Amino acid sequence: MQSSARNATYLGIRAFFKRLAKQHTSHRAQLSTAVQRQSEHELPLEAYFSEHSPLTPSIRFDWRLRAPSRTNGRLLAQSHQPQGTHKGYVKRVAPPRVRVQPGDAYFEEIQAYEARFLPLLEAERREGESVLKERLATWSLPRLREEGYCLTGVSAFWLDTPRFGRPVACFTHGPGLVFPDHRFQDGTQVLVSRLDPLREVPYRGSVTCSTSSQIRIAFEDRFDLDDGLWRIDVGISNVVFDRMSRAIAHLHQDPAAQEADSAPDEQYILQGTYLRDALLRSFSRGSVSLHHPLQAPDEVEYVPRETLEHASREARDDDDDGGAFRDDMRIQSWARRYARRNPIQIDGDPPLDALNPTQIRAAAMMLGERICLVQGPPGTGKTKTIIEAAKLLKVHFQVHHPLLVCTYTNVAVDNLVEGFATAGLKPLRVGFGAKVKSSLGEYTLDHQLGKHPLKPRVDKLAEEETSIEKRRSQLKKKIEDVQKEGRAGASDRLERMTSALTMLGRQSMSVKAKLYAMHQEMLRDITSAADICTTCVTSASVALNVLDFPVVFLDEASMSTEPASLIPLMRGSRHVSLIGDHKQLPPVITSREAMMKGFSTSLFERLTEEGVVPSIMLDVQYRMHPTISHFPSLEFYNMSLQDGTVDAAGNVSPDLHPPLSSHLEVDTSTGRRPSVVFLDHGGSEMAKDRSRVNWNEAHIVCSVIEDLLLRNEVCKYRVPAYSPLLIREPEKHLRGKNIGVIAPYAAQISLLTRLLNTDAKYRKRFLATLGDHRAMQLSDIEVKTVDGFEGREKDVIIFSTVRNNNTGYIGFLADRRRLNVGLTRAKRGLFIVGSINTLRSGKMAKGHGHSGESSVRIGRGAETWKRYAEYLVEQRMVLQLTGERLHKVLYGTSPNMSRPSEYTAF
């Protein structure tokens, strides 16, 4: 069998190259000289992108070139420039704006596409502005301040150090004065005015750093900050809408024509995509697609497996297969062999021990198909599959094609960067610095620019520019003074001064040109040797214009609106993988009009529904203890998910053993602690402005956290007293950063955040119970909505449902996809706090009285909560909090309380 497979592979390779020779004779002749100059077809990128490159400008991504960043520096040491000379790069400019005309390819499809999405974008933008204006116009100033949307009476001054080239101002109430609670987090768009942003033209900026006493805001330009006081309001940004509109407009562009039209000393920045046929197929006149979502948000049944897993159904020639790697037989051979359920292995194949069979097939599809979909239910290793696919491309096959990896959220980008770095790849985190995880600073573009060899020269030039501008400003003022004086005989002096000002202007332009050229060179050096990780919206950053991106991996694709997904694809993509899960969170839409017209259907979901683009489903989950994963698998995925957390003997991985907790009582019949518990209480919910809050439930959540930190402090072995055998049970350490709290309402999140971090009474209680060291970890506990935990996991999740009423209305909870995400974030322990009777009643919300509920479709989600409540009762996972138990939960745990009797230290 092995010999037969090798013979078949050999014959396939020989046939492939015969066909390739016939089709690309002229192309190969054109490159033959360049290939001979470098052994093993390797050529450094600095030579490849040089204006003296032996490659013609139209050939940007030749499969015979190798990535210099993956060859241990060997090629980086080689220089194709004469010693002592400066590297020359091809000048890159934006291509002319074009629009397809009647009779041109894709004219009808693009017209239909714009007619569908541009009005929806405008409706969404109008809704955002309407919400902002309504808040500013109808809310009183005290209410705006109380809700944290506004700060007044703040003074400001400019900082010397700009942020990403933008001037930054620091706003404060004064030395030692602390701001009240507010919503001005890092990255928040703001309006700065004197008295009222509706009655004066406000300055727009974005928060770069927010502390208890200072808020730093970056602006486009400086303005006069005198001794007066300022007002800051939470605003909205049109940048996202502008970039989505621009991405749609780029569908008119043909990157193939742009490549062909490049000159030896000038190169177009590629705009558009080679995949218009796949993206616009259903917008053609003969298409039968109605662009309906794959399933209704509250649909109970899971889609058939053949919808989520199938080969390409495109009607095309074999020559169009393979995308960016069509001509690389190394990749094509590997991808075709490993796309099989029983892969054919040959000598030299990379080890794939980190992946399961389905993940291997997914990676093969991502490398072998020009466009594909990877369906990834919770915990099935979507991120790992992306990382391993990138590792195959960059480390094993050493392709030189730039790789762009995008996700919807900054948190997910950070997770990818961490994974890339651990896997030995070279991630470059491109994005707004304030939204980047602090521990990933060394991988940011800012950091890499700061340590580039040209940085000292750039700093020196920047100082020279500042000096010249200062002299220009002084000279301008002198000229104005002389002109005002109007003395006789001053004309000669004015002429000399004007001439000097002109010379200074020329010097300034020269220095700015040098700065720009050096900055472009720094960007080229850094980006060409890295794998770019960023969000969809930030992928339009001008810093990335130094490269084109033929290969794009888009994670969390089901969370992005279709125009947002287009942004990274419009950088010349020809090889795209979209990874997501339509059963998890959809795009967030605020406009009811846009929602009703299908704006919440992502590109990922649309392509899945069309059923043409090849697709594969990951079907083994590794995140959750089987007790946690059982109901979501049953309810949302029709038991199509397997548990990779259990060995052949039925033993759960020790890393997923539930934590110690007084609420996770040991089952004496099995000797095991459960991983899931529902803490049932009678505390009623309350309305707070347009949100909901439950004070008793907040106290219970704080007590659960206190109990977890108290009982899981030190790693040690414990022996259950009931066990007839002295079997050691490992107790895993639990820190604050391993705990997450989910609540569906902003008021509850605000309350929990305050109790855990700033409330004086709780602070005293936590210090007495936990001690200084453990109490400090409370600030590491994340308290967020379900949306804030999408794509993430924690050892322990505490889900505060909030709703507790006699009528059984559960409002915002009645969303199946959010419930799916909420129940699948925990690895070891899931604590759900609420009223079991309210959830078992499970009625839909009345109308749209509460914030957010008007934009969330509800229906059978309430029935899902009913089924989950019944499941918890049947599995004996409901713990009633009444009497002495409730008293203990609400009023704390003594630090001298004895350990549970069922455990004895060993």
**Prompt:** How far is the Cα center of region 464-497 from the Cα center of region 340-389, in Å?
**Reply:** 68 Å
**Asked** Normalised by the residues of region 139-236, what does the relative contact order come to in percent, with Cα pairs under 8 Å and at least six apart?
**Response** 35 percent
**Message:** Counting only protein heavy atoms and a 1.4 Å probe, tell me what percentage of region 139-236's accessible area is made up of carbon and sulfur.
**Reply:** 50 percent
**Fill in**
Checking rank on 812-825, 559-572, with mean other Cβ inside 10 Å and highest first, the result is 559-572, 812-825
**Message:** Highest mean first, how do 758-765, 98-105, 619-626, 405-412 rank when packing is the count of other Cβ atoms within 10 Å averaged over residues?
**Reply:** 405-412, 619-626, 758-765, 98-105
**Fill in**
Rounded to whole Å, √(5λ) for the Cα gyration tensor eigenvalues of region 311-408, largest first, gives 19, 17, 15
**Message:** Can you compute 3J(HN,Hα) from phi for each residue in region 261-273, using the Karplus curve 6.51 cos²θ - 1.76 cosθ + 1.60 with θ = phi - 60°, rounded to whole Hz and x for Gly and Pro?
**Reply:** 8, 6, 9, x, 10, 8, 9, 6, 6, 5, 10, x, 9
**Prompt:** What are the ³J(HN,Hα) values, in whole Hz, obtained from phi via the Karplus relation 6.51 cos²θ - 1.76 cosθ + 1.60 with θ = phi - 60°, for each residue of region 133-146 in sequence order, with x given for Gly and Pro?
**Reply:** 5, 5, 5, 5, 7, 9, 7, 6, 4, x, 5, 4, 5, 5
**Message:** List residues of region 624-644, by number, whose backbone nitrogen lies under 17 Å from a label position 7 Å along Cα→C-beta of residue 876.
**Reply:** 627
**Complete:** A correct Stokes-Einstein calculation for region 139-236, using the alpha-carbon Kirkwood radius, 25 °C and 0.890 mPa s, returns a whole-number D in µm² s⁻¹ of 183 µm²/s
**Leading residue at positive end of dipole, region 139-236 (Cβ point charges), from 230, 149, 193** = 149
**Prompt:** By a straight-distance test (C-alpha under 15 Å), which aspartates and glutamates pair with residue 394 as possible cross-link partners, with residues fewer than eight away in the same chain excluded?
**Reply:** 42, 62, 328, 349, 531
**Message:** Less than 18 Å apart at the alpha-carbon level, and either on another chain or at least 8 residues along: which lysines does that give for residue 437?
**Reply:** 426, 737, 784, 794
**Message:** Let me see the P(r) profile for region 402-509: every Cα-Cα distance counted, bins of 10 Å, each bin given as a percent of all pairs.
**Reply:** 12, 27, 16, 14, 14, 11, 5, 1
**Prompt:** Near residue 383, within a Cβ-to-Cβ distance under 13 Å, what is the net charge of the other residues, with Lys and Arg +1 and Asp and Glu -1?
**Reply:** -3
**Complete:** For region 250-380, the percent of accessible surface on carbon and sulfur atoms (probe 1.4 angstrom, ligands and nucleic acids excluded) is 48 percent
**Item:** Centre separation in Å (Cα based) which lies between region 630-670 and region 121-171
**Value:** 46 Å
**Complete:** Packing-ranked peptide list from 744-755, 125-136, highest mean Cβ count within 10 angstrom first, is 744-755, 125-136
**Request:** Could you work out the relative contact order of region 529-648, using alpha carbon pairs under 8 angstrom and six or more residues apart, expressed as a whole percent?
**Result:** 21 percent
**Asked** If you plug each phi of region 620-625 into the Karplus form 6.51 cos²θ - 1.76 cosθ + 1.60 with θ = phi - 60°, what whole-Hz ³J(HN,Hα) values come out, in order, with x for Gly and Pro?
**Response** 10, 9, 10, 7, 9, 4
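The values are calculated or read from the model by the stated rules, or taken from the named source; none is laboratory data. Since the structure is predicted, the reported quantities are computational estimates derived from the model, not experimental observations. Neighbour counts are summed over all protein chains in view; Cβ atoms, including those assigned to glycine, are modelled from backbone coordinates with ideal geometry. Heavy atoms of the whole protein, side chains included, go into the accessibility calculation; ligands, DNA and RNA do not. Shrake-Rupley method; radii C 1.70, N 1.55, O 1.52, S 1.80 Å.
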